[in-house]
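**Q** Here's a structure for you.
The values are calculated or read from the model by the stated rules, or taken from the named source; none is laboratory data. Predicted, not measured: the structure shown is a model, and the values here were computed from it. Because the Cβ atoms are built from the backbone with ideal geometry, glycine has one as well, and the counts that use them run over all protein chains shown.
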Amino acid sequence: MKEIIQRQLFDYLQTLGVKNLVGVPDSTMKHFIDQGLKKNKILIATREEEAIGIAVGMSLSKNHSLVFMQNAGLANSISTITSLVQLYQIPLIFLVGWRGYLQNDAPEHKKIGEIQSGILKLIGLKSKIVKDDNWKSCCKWALKQISNGSSCCLVIQRLF
């Protein structure tokens, strides 16, 4: 995604009421994260499971929460998502960087890139791919999902 779109994505989610943003940095969404850091509206965690736990706690305050990570972190977090987030029906937005989307990504991202969509389907996490031309509608869709009590995933393809 273009830099300006990532920054607008952050700001738009804030205007929609997503106030708690926590996660593990990923270069795929570096401008999104930078926008949050500049505004002092983002919390950086050391592990994805930690980020999810923090976001779940923040969600108990009835404020919408978003957890950002790359797809390898999503794979590491399957148990936390299924045994905490889904079991107790805590609505979160996951923003996931799709490493391994392109064939020229680092070799360690190839396999997770190939199976990411299947993992999301397997754990029942509805998802949309966020692009420069659909980001607003994806944000509105995600807000509708969490307002209805369901977690969801917005995916940003790594295109560099």
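**Q** Can you tell me which residue within region 32-46, out of those that are part of a loop (DSSP other than H, G, I, E, B) and surrounded by 15 or more Cβ atoms within 10 Å (Cβ to Cβ), is farthest from the chain's Cα centre (by Cα)? Show your work before the answer.
**A** Pass one, region 32-46, residues part of a loop (DSSP other than H, G, I, E, B): 39-42, 45-46.
Narrowing further to those that are surrounded by 15 or more Cβ atoms within 10 Å (Cβ to Cβ): 41-42, 45.
Details: K41: 15, I42: 13, A45: 13 Å.
It comes out as K41.
**Q** Return the pairs, sorted by first residue and then second, in which the second residue is of a type in the set (A, V, I, L, M, F, W, C) and assigned to a helix (DSSP H, G or I), the first residue lies in region 101-128 and is farther than 19 Å from T80 by Cβ, the beta carbons are less than 9 Å apart, and the residues are 6+ apart or on different chains.
**A** Listed by first residue and then by second, the contacts come to E108/A72; H109/A72; K128/C138; K128/W141; K128/A142.
**Q** Collect the residues in region 79-94 that are part of a helix (DSSP H, G or I) and exposed (fewer than 15 other Cβ atoms within 10 Å of the Cβ), keeping them in residue-number order. Before the answer, list the steps.
**A** In the first step, residues of region 79-94 are kept if they are part of a helix (DSSP H, G or I); the result is 79-86.
Those that are part of a helix (DSSP H, G or I) and exposed (fewer than 15 other Cβ atoms within 10 Å of the Cβ): S79, T82, S83.
**Q** Among the numbered conditions (1) more than 27 Å from I5 (Cβ to Cβ); (2) surrounded by fewer than 17 Cβ atoms within 10 Å (Cβ to Cβ); (3) free of Cβ contacts under 8 Å to residues at least 60 places away in the same chain, tell me where A75 comes up short.
**A** Of everything listed in (1) more than 27 Å from I5 (Cβ to Cβ); (2) surrounded by fewer than 17 Cβ atoms within 10 Å (Cβ to Cβ); (3) free of Cβ contacts under 8 Å to residues at least 60 places away in the same chain, A75 misses just condition (1).
**Q** Still on this structure, please answer the following. Select from region 7-23 the residues that are crowded, with 22+ Cβ neighbours inside 10 Å and free of Cβ contacts under 8 Å to residues at least 60 places away in the same chain and list them in ascending order.
**A** F10, L21, V22
**Q** Can I ask one more? Only one residue in G97, G113 is under 17 Å from E49 (Cα atoms), touching a strand residue (DSSP E or B) at 6+ places or on another chain (Cβ under 8 Å) and surrounded by 16 or more Cβ atoms within 10 Å (Cβ to Cβ), so which one is that? Write out each step before concluding.
**A** Values: G113 fails: under 17 Å from E49 (Cα atoms).
Going through G97, G113 in turn, the sole match is G97.
**Q** Identify, from the list G113, G73, the residue that is modelled with pLDDT under 95, assigned to a helix (DSSP H, G or I) and under 16 Å from the mean Cα position of the chain (by Cα). Steps first, please.
**A** On the way: G73 fails: modelled with pLDDT under 95.
Step by step, each of G113, G73 is checked, and only G113 is modelled with pLDDT under 95, assigned to a helix (DSSP H, G or I) and under 16 Å from the mean Cα position of the chain (by Cα).
**Q** Looking at this structure, is G57 part of a helix (DSSP H, G or I), within 23 Å of I123 (Cα to Cα) and without any contact (Cβ under 8 Å) to a residue 24 or more places away in the chain? Working first, answer last.
**A** On the way: part of a helix (DSSP H, G or I): yes; within 23 Å of I123 (Cα to Cα): yes; without any contact (Cβ under 8 Å) to a residue 24 or more places away in the chain: yes.
For G57, the condition - part of a helix (DSSP H, G or I), within 23 Å of I123 (Cα to Cα) and without any contact (Cβ under 8 Å) to a residue 24 or more places away in the chain - is met.
**Q** Then there's this: Scan L13, L21, L66 and give me the residue that is assigned to a helix (DSSP H, G or I) and either under 15 Å from the mean Cα position of the chain (by Cα) or farther than 24 Å from K131 by Cβ (or both). Write out each step before concluding.
**A** Values: L21 fails: assigned to a helix (DSSP H, G or I); L66 fails: assigned to a helix (DSSP H, G or I).
Selected residue: L13, the only one of L13, L21, L66 that is assigned to a helix (DSSP H, G or I) and either under 15 Å from the mean Cα position of the chain (by Cα) or farther than 24 Å from K131 by Cβ (or both).
**Q** Provide a single number: the residues in region 144-158 that are part of a helix (DSSP H, G or I) and either free of Cβ contacts under 8 Å to residues at least 12 places away in the same chain or touching a helix residue (DSSP H, G or I) at 6+ places or on another chain (Cβ under 8 Å) (or both). Spell out how you get there, then give the answer.
**A** Looking only at region 144-158, we keep the residues that are part of a helix (DSSP H, G or I), and these are 144-147.
Applying the additional criterion that residues be either free of Cβ contacts under 8 Å to residues at least 12 places away in the same chain or touching a helix residue (DSSP H, G or I) at 6+ places or on another chain (Cβ under 8 Å) (or both) yields 144.
Looking only at that region, the number is 1.
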